[in-house]
1. Give all pairs with beta carbons closer than 6 Å in which a residue from region 30-57 that is under 19 Å from I75 (Cβ atoms) and within 14 Å of ligand 2 (Cβ to nearest atom) meets a residue that is part of a helix (DSSP H, G or I) and among the small types (G, A, S); count only pairs at least 6 apart in sequence or on separate chains.
2. If I filter region 199-225 down to residues being in contact with a Ser or Thr (Cβ under 8 Å, 6 or more places away or on another chain) and modelled with pLDDT of 95 or more, which single residue comes out as farthest from ligand 1 (Cβ to nearest atom)?
3. Here are some conditions: (1) more than 16 Å from ligand 1 (Cβ to nearest atom); (2) under 30 Å from R244 (Cβ atoms); (3) surrounded by fewer than 18 Cβ atoms within 10 Å (Cβ to Cβ); (4) of a type in the set (F, W, Y). F62 meets all but one. Which one does it not meet?
4. Does E199 fit the bill of being in contact (Cβ under 8 Å) with a residue 12 or more places away in the chain and acidic (D, E)?
5. Taking only region 25-49 into account, find how many residues are more than 12 Å from ligand 1 (Cβ to nearest atom) and surrounded by fewer than 19 Cβ atoms within 10 Å (Cβ to Cβ).
6. Could you grab me the full set of residues in region 1-19 that are within 16 Å of ligand 2 (Cβ to nearest atom) and buried (at least 19 other Cβ atoms within 10 Å of the Cβ)?
7. Looking at region 128-235, what strands (runs of 3 or more DSSP E) fall wholly within it and have at least 3 residues that are of a type in the set (V, I, T), in contact with a strand residue (DSSP E or B) (Cβ under 6 Å, 6 or more places away or on another chain) and within 20 Å of I49 (Cα to Cα)?
8. Consider only pairs whose beta carbons are under 6 Å apart and that are at least six residues apart or on different chains; among these, list those whose first residue lies in region 178-191 and is over 10 Å from Q85 (Cα atoms) and whose second residue is of a type in the set (G, A, S).
Amino acid sequence: MALLQLQHVTKRFGGLVAVNNFSTELQAGELCALIGPNGSGKTTIFNLITGIYRPTEGEIWFDGHNITGRRPDQITRLGIARTFQNIRLFSGLDVLGNVMVGQHLRLKSDPASAVLRLPHYLREERAMRDRAQELLEALNLAHLAHEKATALPYGQQRKLEIARALASNPKLLLLDEPAAGMNTAEAEELMAFIQHILERFELTIFLIEHQMRVVMGICPRIIVIDYGEIIAEGPPATIQSDPRVIEAYLGVGTYA
Ligand SMILES: Nc1ncnc2c1ncn2[C@@H]1O[C@H](COP(=O)(O)OP(=O)(O)OP(=O)(O)O)[C@@H](O)[C@H]1O
Ligand SMILES: [Mg+2]
């Protein structure tokens with residue numbers, strides 16, 4: 001059975017149809033890209049999967065659960081983590097602290113135990129710190145553990161966001177334009193990093209990207225949307241030569 005299924009999902013904002021009858025499946029272990037021009041509905045699809053928005057029509061299933069209309073925290077707990085199009089790091093915390101925030105929803109102790117610093121809370125906190133450190137080591141970010149997160153170079157901040165998402169131990173990772181604002185070399189390095197974590201953490205990854213060439217080298221399957229509808233789906237070679245894809249991109253002038 002597929003890990004993630006979207007079945008005829010539609011999202012309307014007033015008169016605007018942001019996502020229109022969108023259906024797809026992601027199998028466990030897959031790395032799949034979602035591409036499309038500005039405003040084509042990519043982020044809205046992530047917001048529907050993570051429970052920020054409720055679909056106007058259709059159903060979303062994850063790991064055997066119907067998650068349509070569930071709260072974001074419930075969905076996170078089932079094993080879906082994400083990053084955002086605009087970096088969202090805690091400026092008051094160091095790198096390690098930012099990763100620990102990502103683990104927080106897994107903490108078993110109640111808030112009162114945390115305030116009273118009861119022994120079982122302190123044990124949990126120590127375990128969290130150790131795990132965050134391990135995660136940074138696995139991602140080759142350990143040398144940055146005590147740097148202020150927002151003082152890092154842009155590319156490292158993007159990786160830290162991914163590390164924080166991984167801290168909740170997800171089965172499915174949603175990455176919203178992680179290579180935005182990067183040059184070609186930086187984007188290539190980030191894609192290698194994404195490939196590495198896919199294998200290292202036995203993940204399934206759904207990756208939003210604006211430009212096809214960035215994901216062509218690592219994503220065996222690409223879904224292209226325009227005006228909230230799938231216009232093409234398949235391996236990079238097929239997508240690249242699809243007349244509807246070329247037209248959609250030529251229309252906004254971003255396809256190189
Ligand atoms: N909360 C909202 N209320 C009203 N309209 C919205 C809302 N969220 C998104 N939209 C609209 O839905 C459409 C799809 O937006 P979305 O952010 O999903 O596009 P996108 O493909 O992620 O674009 P970009 O490449 O610019 O990030 C746009 O027309 C957008 O203005
Ligand atoms: Mg977007």
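1. Going by the 6 Å Cβ cut-off, there are no qualifying pairs.
2. Among residues in region 199-225 that are in contact with a Ser or Thr (Cβ under 8 Å, 6 or more places away or on another chain) and modelled with pLDDT of 95 or more, the one farthest from ligand 1 (Cβ to nearest atom) is I223.
3. Against the list (1) more than 16 Å from ligand 1 (Cβ to nearest atom); (2) under 30 Å from R244 (Cβ atoms); (3) surrounded by fewer than 18 Cβ atoms within 10 Å (Cβ to Cβ); (4) of a type in the set (F, W, Y), F62 comes up short only on (3).
4. For E199, the condition - in contact (Cβ under 8 Å) with a residue 12 or more places away in the chain and acidic (D, E) - is not met.
5. 4
6. If the condition is that a residue be within 16 Å of ligand 2 (Cβ to nearest atom) and buried (at least 19 other Cβ atoms within 10 Å of the Cβ), then K11, A18, V19 are the ones that fit.
7. 204-209, 221-226
8. E186/G155; A187/A179; L190/A179
The values are calculated or read from the model by the stated rules, or taken from the named source; none is laboratory data. Computed from a predicted model, the values in this text were never measured in an experiment. Because the Cβ atoms are built from the backbone with ideal geometry, glycine has one as well, and the counts that use them run over all protein chains shown.
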